[in-house]
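Just below is one structure, and these are the notes that go with it.
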Amino acid sequence: MDHEHGDMDMCKMNMLFNWDVENVCIVFEWWRIKSPFGLLLSCFIIAGIAAGYEFLRHASREYDDEIIAANKKKDTSRRLEDDHAENDGLLSTSASALTSISQQQKVIRSIIYAILVGISFWLMLVFMTYNGFLMVSVVIGAGLGHYAFGGNLPTDRGIQCH
């Protein structure tokens with residue numbers, strides 16, 4: 001039985017750290033790096049996706065802030081009552097605990113969250129190619145994205161796989 005693959009064009013599947021510049025598949029078989037230029041282009045695309053992830057996190061937080069601000073305007077009287085009742089017992093609630101959102105807002109927030117989880121796991125799969133160039137691209141993209149979009153945000157991180 002001949003186990004030679006000859007000239008079969010297959011992706012390299014590495015389980016060890018490497019710096020390969022050719023015949024590396026990025027998550028999908030059709031995204032195959034065939035040249036140093038292809039690697040460079042792929043690195044820029046991956047860094048852009050990682051930066052885009054940070055932008056989407058920023059946009060998600062801004063959306064949440066808009067919802068909270070709108071609810072604070074609606075619930076001004078409730079907040080004043082809660083401030084007076086704060087010392088009435090152990091079970092008093094704060095204004096932030098009373099924030100409610102519409103069904104449409106829940107759907108939008110859930111879609112954004114699902115997209116963030118998907119991108120995060122996809123970037124994890126890129127990292128799991130163990131290709132140093134691709135790994136560095138994820139890190140640089142995330143760093144640049146955080147610098148551009150997340151530098152002034154609180155340190156809440158949520159789920160992240162990159």
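At-a-glance table
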read-out	value
Among 120-126, 104-110, the order from most to least packed when residues are scored by Cβ within 10 Å on average	120-126, 104-110
Cross-link partners of residue 106 among lysines (Cα-Cα below 20 Å; sequence separation of 8 or more within a chain)	72, 73, 74
Hits among lysines - C-alpha to C-alpha of residue 12 under 22 Å, sequence gap 8 or more where chains match	34
Ranked by how many other beta carbons lie within 10 Å on average, peptides 127-139, 9-21 from highest	127-139, 9-21
Derived scalar couplings ³J(HN,Hα) [region 133-145; Karplus, 6.51 cos²θ - 1.76 cosθ + 1.60; whole Hz; x for Gly, Pro]	4, 6, 4, 5, 4, 4, 5, 5, x, 5, x, 5, x
Amide H contacts under 5 Å for residue 33, placed H, 5+ residues apart	23, 24, 25, 26
Net charge of Cβ neighbours under 12 Å - reference residue 39; Lys, Arg +1; Asp, Glu -1	0
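Values in this text are rule-based calculations from the coordinates and carry no lab data. Remember, it's a predicted structure, so these values are computed and weren't measured experimentally. Glycine gets a Cβ as well: all are built from the backbone with ideal geometry, and neighbour counts include every protein chain shown.
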